[in-house]
Amino acid sequence: AQTIHQWPVAEIKAVGSPLSLGCTIKGKSSPNLYWYWQATGGTLQQLFYSITVGQVESVVQLNLSASRPKDDQFILSTEKLLLSHSGFYLCAWSLGQGANTEVFFGKGTRLTVV
Amino acid sequence: QQQVRQSPQSLTVWEGETAILNCSYEDSTFNYFPWYQQFPGEGPALLISIRSVSDKKEDGRFTIFFNKREKKLSLHITDSQPGDSATYFCAASGSSGSWQLIFGSGTQLTVMP
């Protein structure tokens, strides 16, 4: 069974439109959750992390926000998309204290802003 | 500020050869170094990792060599197969109080049959 599920698989959105991407973790109690962004052909940039429900920490400012409404759910959103938001968004999870434990990634959401 | 560097940017080897991917870092507090394998259109998959207390970690055809003094590590893929063709990312993280996993720019490996 798939542990981490991201939705949607892909999105094409207009500049200035809102965005909501989701991630659900199954079978893991109180995981640490992360959002990463990857430009085409580029490296992975950590955006947010959350170690508990209702608490989200920002790593970089990209006019995006994140929320953790449930223990197993992580949401990435913005009210106004920019062209620079295009890329591959990856949700990830880990257990334990800190990021120096195994981090596992989902299959990602491909976002194209036009 | 690039804290984790990878080289080469791309690498081509023949099937059966050993591919060597290099990684270096700047922050001496980094103590955990995972390598990820990513195929086009997919999320990265954890391949193998090492902690700074070790100088070598082996898993099948994949071996990490770690040099703490020089802040360098390398991933060796022996008996390379065409199915190993992918982008490989080196990453680093610090103490248990750190929540950032910092990735290098990746090495695109092509294994020719």
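The values are calculated or read from the model by the stated rules, or taken from the named source; none is laboratory data. These numbers were taken from a predicted model, which means no experiment stands behind them. All Cβ positions, even for glycine, are placed from backbone atoms using ideal geometry, and neighbour counts span all protein chains on display. With ligands, DNA and RNA removed, areas are computed over all heavy atoms of the protein, side chains included. Shrake-Rupley method; radii C 1.70, N 1.55, O 1.52, S 1.80 Å.
Over all pairs of different C-alpha atoms in region B:4-112, the reciprocal of the mean inverse distance, the Kirkwood hydrodynamic radius, equals 13.9 Å. Taking 7 Å steps out from each Cα toward its Cβ at A:Ser58 and A:Leu82 produces label points 1.2 nm apart. Across region A:7-21, coupling constants 3J(HN,Hα) worked out from phi with the 6.51/-1.76/1.60 Karplus curve, θ = phi - 60°, read 9, x, 6, 8, 9, 10, 10, 8, 4, x, 8, x, 9, 9, 10 Hz, and Gly and Pro carry x. Quick one: how many lysine pairs does region A:4-113 have with C-alpha atoms less than 25 Å apart and a gap of 8 or more or different chains? Give me the count, please. Lysine pairs meeting both conditions in region A:4-113 amount to 9. Mean separation of Cα pairs under 8 Å and 6 or more residues apart, divided by the residue count, gives region B:4-112 a relative contact order of 38 percent.
The phi-based Karplus calculation (6.51 cos²θ - 1.76 cosθ + 1.60; θ = phi - 60°) puts the 3J(HN,Hα) values of region A:86-92 at 4, x, 10, 9, 10, 9, 9 Hz, whole numbers, x for Gly and Pro. At the listed q of 0.09, 0.16 Å⁻¹, the Debye profile of the protein assembly as shown, built from one uniform point per Cα, gives log10 I(q)/I(0) equal to -0.37, -1.12. For region A:4-113, the percent of C-alpha pairs falling in each 5 Å distance bin, counted from 0 to the bin holding the largest distance, reads 2, 13, 25, 27, 19, 10, 4, 1.
Residue by residue, region B:36-48 carries 3J(HN,Hα) couplings of 10, 10, 10, 8, x, x, 10, x, x, 10, 5, 9, 6 Hz when phi is fed to the Karplus relation 6.51 cos²θ - 1.76 cosθ + 1.60 (θ = phi - 60°); x denotes Gly or Pro. Summing charges over all other residues whose Cβ lies under 9 Å from the Cβ of A:Ser50, with Lys and Arg as +1 and Asp and Glu as -1, gives 0. For region A:4-113, the relative contact order comes to 35 percent (Cα pairs under 8 Å, sequence separation of at least 6). On association of chains A and B, roughly 1800 Å² of accessible area becomes buried (total for both chains; probe 1.4 Å). Counting charges near B:Val13 (Lys, Arg +1; Asp, Glu -1) among other residues having Cβ under 15 Å from its Cβ returns a value of -3. If you run the Gaussian network model on chain A, springs between alpha carbon atoms under 10 Å, then out of A:Gln73, A:Gln55, A:Gln97 the most flexible one is A:Gln97. If the chain linking B:Asn67 and B:Ser10 were pulled fully straight, counting 0.36 nm for each residue of separation and taking away their Cα-Cα distance, it would gain 18.3 nm. Residue by residue along A:48-60, Cβ atoms of other protein chains within 10 Å of the local Cβ number 1 on average. Taking B:Ser98, B:Ser74, B:Ser52 as the candidate residues, the one with maximal mean-square fluctuation in a Gaussian network model of chain B, Cα springs under 10 Å, is B:Ser98.
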